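Single-structure report; data block below.
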Amino acid sequence: MAGWLARMALVCGLMVSAIAGVAHAQKQGGVLRVTHRDNPPSASIHEEATISTDMPFMAVFNNLVIFDPDSEQNRPDRILPDLATSWHLSDGDRKLTFQLRDGVRWHDGKPFSSADVKCTWDMVTGRMDGKMRKNPRKSWWFNVKDVTTNGAREVTFHLNEPQPSLLVMLAGGFSPVYPCHVPGNLMRTHPIGTGPFKFAEFKQNESIKLVRNPDYWKPGKPYLEGIEYTIIPSRATAMLALVSGKFDLTLTGELSSENAKEIQAQVPQMQCIVQPSNTQGNLLVNRDKPPFDDPRLRRALGLAIDRKAFSEILSRGLNKIGGAMLAPPEGLWGWSPEFMETVPGYGGDVEKSREEGRKIMRELGYGPDKMMPLKVTTRNVASYRDSSVILIDHLKSVYIQGELEVLDSSVWYARLLRKDYAVGMNVQGTGIDDPDVQFFENYTCGSERNYTAYCNPELEKLYRQQSMMTDFEARRKVVWEIDRKLQEDGARPVIYQSQGATCWWPHVKGLKLAVNSIYNHWRFDDVWLDR
Amino acid sequence: MLTYIIRRLLLMVVTLFGVSVVIFLLLRIVPGNIADILFDSAGLIDPAEKAKIVADLGLDLPLPQQYAQWIGGLFRGDLGFSYVSEKPVLDEIAPRIPITARLAALALFFSIVAGVPLGVISAVRQNSGLDYGLRVLSLSGLSMPSFWLGLLILMFCVHFFGTIPIYDRAPETFWAWFAMLAIPAAAVGFRSSALIMRLTRSSMLEVLGQDFVRTARSKGLSEANVTYNHALRNAVLPVITTIGIETAFLFGGLIVTETVFNIPGVARFLVEAIRWRDYPMVQNLVLFIAIIVVTVNLIVDLIYMVVDPRIRYSE
Amino acid sequence: MSTTVSTDGPITPSAMSDLWYMIRRYPLGVAGAIIMSLFVLAAIFADYLAPLDPFSTNARASLARPNDVYLMGADMMGRDVFSRLIHGARISLAVALGATLIGSGVGAAVGLACGYIGGWFDLIVQRVTEVMQALPLLVMALVITASLGPSLRNTIIAIAIPLIPTVARVIRSNVLSLREMPYVEAAKATGMSEFRIAVIHVMPNTLAPLIVLATAQLGSTILTEASLSFLGLGVPEPYPSWGRMLSESAAEYVRTAPWLVIFPGLVISLVVFGSNLLGDALRDALDPRQRG
């Protein structure tokens, strides 16, 4: 009798757990181990513009709103509440008001309120001084006039002009809400947030450790006990360590497609995704300084470039070709292939372009026996150097004899600022696939990231015009035209849009990446380990 | 002897003072400083923000004042704050020293254990095939870049054992440490062992040719007895010197090996600190290294003096 | 490298004379000399020896296996490894010769001056060399390249400077002992000026230990350059430096393209090996007291 009862209990138990298994397959616990490529310059996301800071520390924070993780593409129409529960526009779309979540606490126990939101954006718009050592994305918030609170649970962004992209910028990984009461140096070394994981430890050049926040406002989450990043500067060593099972996941976008192939050759079950890494290789041409004040020479330079060869060499043809905006289908705003054909230098026939380039150069008095000497300046960073080597090789086709000048990172930006270069090879990323972010960060007059100080009043008008447009299709048309004009002008000729790979073992579940940004999906509150 | 030690200690202070000045100036003739590097990660330079950082860190002060601040702090036991981590330098360096010390000690241990006996064998069997083989082996040890050796070992391990000895967390037991560090230590120590072997061999040969060894032989002592009791004891002196020289060289090997095997010791940390223009870190680390090198040299000389009273120290 | 090189002993003419004698007496040294000659020839005639342009990229040859065209395969950018190795000999030779010549030249001058002038000058220079010797070579070179920035010239300087004190010390003690030699005393007695004595009598006799020392340093300069380049601080692209070829980007393809790791490593080892063999033999021949 007792035996029968026990058997029944067992069967029932199995059934219950089977049902539960369908509903709650996620397992609690375990520490996710991630490889990291370098020492993050600091833990303060608002002060940095690198994935090295963004990926490990995004899980410490929350945003007001966030890109829907279930949407493969970051899109303006797929944005979900995070610390904000709802939002609405008023005053002719010039006021964006958020209702904030109740009962959220910072990791140090203090309650979260609207004052923290105001504080954060007063800080990044530059209206409040003293908390940050540097402010790389000040240009994003050019349109924010003021931020006001109405009680502890409501906050309003006042805009100069309507700007649909504002919500998109708020949803990105680079826009966390900071606590008002924590001083700046602590945010750089021991950040406090409201997110699913608490900061535990940051050992320089060694490791970053996060632990589960048991009081996270999303009930039952996160699943992981903690996340540990180990800094392994050598990519070769990091790959070996991943393959040997010491790590579960790699720093996103850090591997090349070749690396991913090699890893999968060794461990066939490894999950690897190759996708745009939001970085592009472009040329900085000093248009104020002879000889490149001559537009003909700039044009010849542009005609020498074989974008396909760059893509083939750097990524086995996976790198995308496009303008300033990320090419479709991953990118929302890039040229359609048909449109791209009409942009000079993007047509398929490289030999024809180069012949044209040589013709220009002959007119300028150069030829196979009289090559034009040129110093190509770049940073002492592998991706920069590799691209420069290819560039110099291509320049030979239009009678330009390039010589590479490699600068230490410490000198590079200072030289750019002084305009002390002729042609620079530059690699740079943008956090969000959005025209406002791209144009106002990199191409508008007076922005600090506009290295070549390209300033075109006609385009300035168009930047603002598209920024206010709510109709997606119409706005995209304007964006395409702007992008074409930028490439025609040689403002900063875009050579390729990089692809990067991310690999993880199949026991890592719930990881959701977006195809058009590597910066926005590292909250880790849905991730669990099936070990 | 006491006056000799005092004199040496005084000279040591002079040397270290010189090192501090050299490294201090060398760092500051560098174009670009920590402010430039900090902006590097942000992809821009804002001149106003940069000026503020420079002023905050005191980098706009006159050089003598900056130097006085550093050295004054040293005497109070205050090494300053890292520019990058904004934590006290001591807190950053201290936990890394034992890791590098263990690695270096193990490497030195390996190199002595392998180098001395092979050197003796090579000397005893001078001009035999074995001698030639060992000499070529030791020369090749001196010829291989240690990071290449490290890479080859890593590949080998992954290929045959499916795993690699890379540091991902601090081991807890002695044997765990040993297992973690043995392979990197062998990679660094290979070069040193080759050097020690060569030196043991040549000093053994010199001693074997000397009178007292011939006397010992003529007295009918066995060859083994002669080799080990008479010759080796005397040949060990130059080996001690090599160990002194090797401390400095070992460090070079440690830098690349810690990089290849991702060991979070001081050597790799120094490279990172140089890259970041983290002056307080670099200055103190380099001074620390100099203290080690100078102290080891002093100890070696003292051992020499104790072991071999024939040497006079009047200069 | 160990630099416990002794100081006296002029060049014996007989050691230079008979090639056959040399081969029998110093088989390893001759092997070293052959390796080094090949290395120097490759550097000089790189333009004729290299089958392909070492700078030319080619998308279709990216990571090509060794074959008829690419004898040792191609790197990620489709550049021919064999041609790059041959041209890399130039860089290595430039670094090795440049750094050794500057280091030994300056070191010898300083050593001579110290030995001759003596007094306060000597004392101060002695302290300075002690300061420099308190820092490991690679650490010094690292800080100096970081200060000067990455370029071929700066790499040479960075490697040369740490060599100076070693050479200076050896030459100094050599000069001090030479000054006591009877023929120098005799020259003094005839009223010859100190400067002429230094140039005519002392300098030629410091040459032997200097050559031995310089040869011994050749290998370590090549290794230091390789280490610096490996750490990303040495000779920059597009120069086909061996150390750079062996750096990070090569190591990543160790499974799909092991030739990128194996060949440059082998070539570095071989050349350093050759210079060590040659250095040993020269030491034996020119500086018999150190013979082992």
- Message: Residues that are in contact with a helix residue (DSSP H, G or I) (Cβ under 6 Å, 6 or more places away or on another chain) and touching a residue at least 24 places away in the same chain (Cβ under 8 Å): does segment B:209-225 have at least one?
- Response: no
- Can you give me the number of residues within segment A:262-305 that are in contact with a helix residue (DSSP H, G or I) (Cβ under 9 Å, 6 or more places away or on another chain), charged (D, E, K, R) and either open to solvent by 20 Å² or more (accessible area, probe 1.4 Å) or farther than 21 Å from A:Met239 by Cβ (or both)? 3
- Query: Residue check: is A:Asn62 touching a Gly at 6+ places or on another chain (Cβ under 8 Å), more than 25 Å from A:Ile227 (Cβ to Cβ) and not in a strand (DSSP E or B)?
  - Reply: no
- Applying the selection to segment B:1-43, what residues are more than 7 Å from every other protein chain (Cβ to nearest Cβ) and open to solvent by 60 Å² or more (accessible area, probe 1.4 Å)? B:Met1, B:Leu2, B:Thr3, B:Ile6, B:Arg7, B:Leu9, B:Leu10, B:Val13, B:Phe17, B:Leu25
- Task: Could you list, in sequence order, all residues of segment A:202-229 that are within 14 Å of chain B (Cβ to nearest Cβ), open to solvent by 20 Å² or more (accessible area, probe 1.4 Å) and part of a loop (DSSP other than H, G, I, E, B)?
- Result: A:Glu206
- Note on the structure: Residue set B:Leu103, B:Leu137, B:Leu118; condition open to solvent by less than 40 Å² (accessible area, probe 1.4 Å), of a type outside the set (S, T, N, Q) and either in contact with a Pro (Cβ under 7 Å, 6 or more places away or on another chain) or in contact (Cβ under 8 Å) with a residue 24 or more places away in the chain (or both); output residue B:Leu103
- Select from segment C:273-292 the residues that are at the interface with chain B (Cβ under 8 Å from one of its Cβ atoms) and modelled with pLDDT under 85 and list them in ascending order. C:Asp280, C:Gln290, C:Gly292
- Mind checking which helices (runs of 4 or more DSSP H) fall wholly inside segment C:56-159 and carry at least 2 residues that are among the β-branched types (Val, Ile, Thr) and closer than 30 Å to A:Leu395 by Cβ? C:81-117
- Item | helices (runs of 4 or more DSSP H) (entirely within segment C:223-287) containing at least 1 residues that are among the basic types (Lys, Arg) | C:242-245, C:259-286
- Would you mind telling me which numbered condition in (1) out of contact with any strand residue (DSSP E or B) (no Cβ under 7 Å at 6 or more places or on another chain); (2) open to solvent by 10 Å² or more (accessible area, probe 1.4 Å); (3) modelled with pLDDT of 95 or more; (4) closer than 17 Å to A:Met169 by Cα A:Pro81 fails? (1)
- Query: Can A:Arg358 be described as at positive phi, buried (at least 16 other Cβ atoms within 10 Å of the Cβ) and in contact (Cβ under 8 Å) with a residue 40 or more places away in the chain?
  - Reply: no
- Item | Boolean, B:Arg201 is of a type outside the set (Gly, Ala, Ser), within 14 Å of another protein chain (Cβ to nearest Cβ), buried (at least 21 other Cβ atoms within 10 Å of the Cβ) and more than 17 Å from the chain's Cα centre (by Cα) | yes
- Message: Name the residue that is surrounded by the fewest Cβ atoms within 10 Å (Cβ to Cβ), counting only residues in segment C:251-272 that are more than 7 Å from every other protein chain (Cβ to nearest Cβ) and β-branched (Val, Ile, Thr).
- Response: C:Ile262
- Task: Scan (1) of a type in the set (Val, Ile, Thr); (2) under 30 Å from the mean Cα position of the chain (by Cα); (3) more than 25 Å from A:Thr50 (Cα to Cα) for the single condition A:Ile432 breaks and write down its number.
- Result: (3)
- What number of residues within segment B:276-288 satisfy the criterion of being more than 7 Å from every other protein chain (Cβ to nearest Cβ) and part of a helix (DSSP H, G or I)? 9
- Can you tell which of A:Ala25, A:Ala20, A:Ala9 is in a loop (DSSP other than H, G, I, E, B) and at pLDDT below 85? A:Ala25
- Condition check for B:Phe160: more than 12 Å from chain C (Cβ to nearest Cβ), open to solvent by 60 Å² or more (accessible area, probe 1.4 Å) and aromatic (Phe, Trp, Tyr): yes
- Kindly indicate whether any position in segment A:189-201 is within 14 Å of chain C (Cβ to nearest Cβ) and without any contact (Cβ under 8 Å) to a residue 40 or more places away in the chain. no
- Query: Where in segment A:324-432 are there strands (runs of 3 or more DSSP E), lying wholly inside it, with at least 3 residues that are within 30 Å of A:Ser165 (Cα to Cα)?
  - Reply: A:423-429
- Screening B:Ile121, B:Ile153 for residues that are under 27 Å from B:Ala179 (Cα atoms), more than 10 Å from every other protein chain (Cβ to nearest Cβ) and β-branched (Val, Ile, Thr) leaves only B:Ile153
- Index of the failed condition, C:Val128 passing every other in (1) crowded, with 21+ Cβ neighbours inside 10 Å; (2) within 12 Å of chain B (Cβ to nearest Cβ): (1)
- Note on the structure: Sole miss for B:Ile263 among (1) open to solvent by less than 10 Å² (accessible area, probe 1.4 Å); (2) in a helix (DSSP H, G or I) is condition (2)
- Given the conditions (1) under 22 Å from the mean Cα position of the chain (by Cα); (2) assigned to a helix (DSSP H, G or I), which single one is not true for A:Glu473? (1)
- Item | Which listed residue, of B:Leu221, B:Leu298, B:Leu270, B:Leu287, is surrounded by fewer than 19 Cβ atoms within 10 Å (Cβ to Cβ), at pLDDT 85 or above and hydrophobic (A, V, I, L, M, F, W, C) | B:Leu298
- Task: Select, from C:Leu178, C:Leu135, the only residue that is open to solvent by less than 20 Å² (accessible area, probe 1.4 Å) and farther than 30 Å from C:Arg244 by Cα.
- Result: C:Leu178
- Could you please let me know if A:Phe157 is more than 18 Å from the chain's Cα centre (by Cα), closer than 24 Å to A:Asn520 by Cα, away from chain B (no Cβ under 14 Å) and open to solvent by 30 Å² or more (accessible area, probe 1.4 Å)? no
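The values are calculated or read from the model by the stated rules, or taken from the named source; none is laboratory data. Source: prediction; values computed, not measured. Note that we place each Cβ from the backbone using ideal geometry, even for glycine, and neighbour counts take in every protein chain shown. Areas reflect the complete protein model, heavy atoms only, side chains present, ligands, DNA and RNA absent. Shrake-Rupley method; radii C 1.70, N 1.55, O 1.52, S 1.80 Å.
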